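Here the structure comes first, spelled out in structure tokens, and everything after it is commentary.
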Amino acid sequence: GNTSFDVLITVNEIAPSALSYNSPNVFIKGTTIASLLPSVSGTVISYSITPSLPLGLNFNTATGEIFGTPTVVSSTATYTVTANNSGGNTSFDVSITVNDIAPSALSYSSPNVFIKGTTIVNLLPSVSGTVISYSIAPSLPLGLNFNTATGEISGTPNVIASTATYTVTANNSGGSTS
């Protein structure tokens, strides 16, 4: 006589390992990034990423490539990329920040001559791009005010001051202009 038994056998790949990317990464809104490609040991069937990348950046699930042109400013965040095959998976955390385009072309009407005790016509800046804050150095003569949110110079000078140069700087996450 005889007897039989069914033996189930599965052969899986060796799980991928040593997944890595260049990190941290700081990108500029509206500027196409140099693609981020993974380095990994072993065979990879697919990649995944969590959470979703900032708008304008894309993720290729077949190659693990991160590419595109970010369209929104995004504070520093960690994105977990996972490389998978039948034997398992490995993950790597990629840090990505998207900064704004630095402001540019800041200007005011200049030169300005004011009269002590006479309210000035407010000076407003002309600037290209988004500005988060303004600063000025040195301090303005007494009676004149500087608005750090708008860059506006206003007020009534109440002291005589000799001609001086004041440097205004417009700032955002991408940089500054003066």
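See the values below:
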{"item": "Kirkwood Rh in Å, taken over all unlike Cα pairs in the chain", "result": "20.8 Å"}
{"item": "Probe 1.4 Å, protein heavy atoms only - accessible area per residue of the chain in square angstrom", "result": "60 Å²"}
{"item": "Computed label-point distance, nm, for sites Ala137 and Ala18 using a 7 Å Cα→Cβ extension", "result": "4.8 nm"}
{"item": "For the range 58-92 versus the range 96-150, the gap between their alpha-carbon centres in whole angstrom", "result": "41 Å"}
{"item": "Accessible surface of the range 1-77 [probe 1.4 Å, protein heavy atoms]: carbon and sulfur percent", "result": "55 percent"}
{"item": "Whole-Å semi-axes of the range 49-99's equivalent ellipsoid (Cα gyration tensor)", "result": "23, 12, 6"}
{"item": "Of all DSSP beta bridges in the chain, antiparallel share, percent nearest 5", "result": "90 percent"}
{"item": "Whole-Å semi-axes of the range 4-101's equivalent ellipsoid (Cα gyration tensor)", "result": "34, 11, 10"}
{"item": "Reciprocal of mean inverse Cα separation for the range 27-77 (Kirkwood radius, Å)", "result": "11.9 Å"}
{"item": "If the convex hull is drawn through the Cα atoms of the range 91-140, its volume per residue in Å³", "result": "123 Å³"}
{"item": "Relative contact order (%) - criterion: Cα under 8 Å, at least six apart; region: the range 15-80", "result": "36 percent"}
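The values are calculated or read from the model by the stated rules, or taken from the named source; none is laboratory data. The shown structure was predicted, so the numbers you read here are calculated from the model rather than taken from an experiment. With ideal geometry, Cβ positions are generated from the backbone for all residues, glycine too; neighbour counts draw on all protein chains shown. What goes into the accessible areas is simple: the full protein's heavy atoms, side chains included, and nothing from ligands, DNA or RNA. Shrake-Rupley method; radii C 1.70, N 1.55, O 1.52, S 1.80 Å.
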